[in-house]
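Everything on this sheet refers to the single structure shown next.
The values are calculated or read from the model by the stated rules, or taken from the named source; none is laboratory data. Note that the structure is a prediction, hence the values are computed from the model and not measured. Quick reminder, even Gly has a Cβ in these numbers, built from the backbone with ideal geometry, and neighbours come from all protein chains shown. Calculation scope for accessible area: heavy atoms of the full protein, side chains included, ligands and nucleic acids excluded. Shrake-Rupley method; radii C 1.70, N 1.55, O 1.52, S 1.80 Å.
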Amino acid sequence: MPDTPISPPVHPGADVSTPGAAPALATWPPQDPPSSPGRGRGRTRDVLVGALAGGLVGALAAGGLMLTLDDSGTTTRVVSPGALPVVSRPSSTVEGGTDIASIIAKAEPAIVAITTDGGPGSGNGGAGTGVVITSDGFVVTNNHVVEGASTIEVAFTNGEVEAASIVGRDASADLAVLKVARTGLPAVELGDSDAVQVGDEVVAIGNALALEGGLSVTRGIISGTNRTVDTNVGSILVGMLQTDAAINPGNSGGPLLDAQGRVIGINTAIANPASAQNVGFAIPISKASPIIEDLRLGRKGAFLGVSTETVTPASAREAGLSVSTGAYVASVTSGSPASDAGIRVGDVIVSIAGTAIATTADVQTAVREHRPDETIKVIVDRKGERVTIDATLTTRPDAG
């Protein structure tokens, strides 16, 4: 990865097609990095932690070992407030569809507690949650729940425990698919996260704090949609659902359910309780589903190989860019499709395969819509000149 300093003061962020391309914003264990300014609507710059309960002796009493996803210290933020998303209908409420007990009865049999040995970074175990998506034993969870694990076990609500293996994982999307040798399992019903709006009531179920006695249930509303969340591995999670339903260590990989008990999100991160309260994030199921299907079938995601930063009108003026929106190329991975095609540091990506690019998140979305070995047209602004570049995508190097 190029180590040339980035001169344009554009938005912090990483091109999602390049895991690890941008400097990490935090380390594990958490340290105290200097403050860093952040700008831009929709991007969360507070401390985010993966909702993963740790297996260290004594960690549970302290609230669980939490995998840091983004720690930018005592950040200052300049945020354009904007308007709330359009609310086009009355909020979906639990009372309007069913009650909590009915939601639990419908979903709980397909929810499993996950324990691992040799989990992320510690050499010790961890605990998370998963959801059964097919009757023949495929289970979805977060990548950070199982990454680095030497053994994985899933416990069903009837008390039975099975060993699980990793079928596939995508670190940039924080998703993983597991397989257990069981058939005839109850599976969750998937909802439509694209139809969700702010104010809709939701229920979260998971292995919170790995407490004895079964899964935990919390209730809240959708607090925001289409959030973009930085992670400490050089990638970003885009289009996330924000909820005030309590999500705690151990909830990682568990479902966020709508008022009808359908899965609309996979719980993945929470804001550090020291800096925020009741701010949790879930991967929308409509965005997750195609990735999950690829992982289940052994298909690998596409890779372009650039690290980008979102351009705004203000940063464009300050940096002397010719365009006011787009994705500024901060680095290009050596030997990647982008490098081979001639994309350069300093280019501003404005279109990928005919889709307009306004933010770093748009780059991730556009690349994910294509397969390895596909050739796509990337249009960049290069010092005021529009250049069309053909890039042939390869397989993501972080695909598990």
How many residues are at pLDDT 95 or above and more than 11 Å from Ala391 (Cβ to Cβ) when one looks only at segment 327-343? 0
Restricting the first residue to segment 239-257 and requiring it to be over 21 Å from Ala105 (Cα atoms), which pairs with a second residue that is basic (Lys, Arg) meet a Cβ separation below 6 Å and a spacing of at least six or different chains? Gly239/Lys287; Met240/Arg227; Gln242/Arg227
With the structure loaded, tell me whether Ile283 is touching a residue at least 24 places away in the same chain (Cβ under 8 Å), among the hydrophobic types (A, V, I, L, M, F, W, C), within 30 Å of Ser252 (Cβ to Cβ) and open to solvent by 20 Å² or more (accessible area, probe 1.4 Å) or whether it fails that test. no
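Would you check which residues across segment 348-386 are acidic (Asp, Glu) and either open to solvent by 50 Å² or more (accessible area, probe 1.4 Å) or within 22 Å of Pro397 (Cβ to Cβ) (or both) and list them? Lay out the reasoning, then the answer.
Step one: list which residues in segment 348-386 are acidic (Asp, Glu), which gives 362, 369, 373-374, 381, 385.
Of everything in segment 348-386, those that are acidic (Asp, Glu) and either open to solvent by 50 Å² or more (accessible area, probe 1.4 Å) or within 22 Å of Pro397 (Cβ to Cβ) (or both) turn out to be Asp362, Glu369, Asp373, Glu374, Glu385.
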Out of Leu321, Leu304, Leu297, which single residue is touching a helix residue (DSSP H, G or I) at 6+ places or on another chain (Cβ under 6 Å) and of a type in the set (A, V, I, L, M, F, W, C)? Leu304
Could you figure out which of (1) modelled with pLDDT under 90; (2) open to solvent by 30 Å² or more (accessible area, probe 1.4 Å) isn't true of Asp398? (2)
Find the residue count for segment 169-185, including only residues that are under 22 Å from the mean Cα position of the chain (by Cα) and either among the aliphatic types (A, V, I, L, M) or on the phi < 0 side of the Ramachandran plot (or both). 10
Would you say Gly220 is over 15 Å from Ile111 (Cα atoms) and either in contact with a helix residue (DSSP H, G or I) (Cβ under 8 Å, 6 or more places away or on another chain) or of a type in the set (D, E, K, R) (or both)? no
How many of the residues in segment 217-236 are modelled with pLDDT of 75 or more and out of contact with any Pro (no Cβ under 8 Å at 6 or more places or on another chain)? 10
When the residues of segment 136-175 are narrowed to those that are surrounded by fewer than 24 Cβ atoms within 10 Å (Cβ to Cβ) and acidic (Asp, Glu), which ends up farthest from Ile114 (Cα to Cα)? Asp136
Working only within segment 138-148, note down all residues that are under 24 Å from Thr183 (Cβ atoms) and not in a helix (DSSP H, G or I). Phe138, Val139, Val140, Thr141
In segment 196-209, which residues are surrounded by fewer than 22 Cβ atoms within 10 Å (Cβ to Cβ) and at pLDDT below 90? Leu209
Kindly establish whether Gly239 is open to solvent by less than 20 Å² (accessible area, probe 1.4 Å), modelled with pLDDT under 90, more than 17 Å from Val146 (Cα to Cα) and touching a helix residue (DSSP H, G or I) at 6+ places or on another chain (Cβ under 6 Å). yes
If I filter segment 295-327 down to residues being without any contact (Cβ under 8 Å) to a residue 40 or more places away in the chain and within 27 Å of Thr392 (Cβ to Cβ), which single residue comes out as least open to solvent (accessible area, probe 1.4 Å)? Thr325
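Please tell me if Gly184 is surrounded by fewer than 23 Cβ atoms within 10 Å (Cβ to Cβ) and either part of a strand (DSSP E or B) or hydrophobic (A, V, I, L, M, F, W, C) (or both).
Spelling it out, it is not the case that Gly184 is surrounded by fewer than 23 Cβ atoms within 10 Å (Cβ to Cβ) and either part of a strand (DSSP E or B) or hydrophobic (A, V, I, L, M, F, W, C) (or both).
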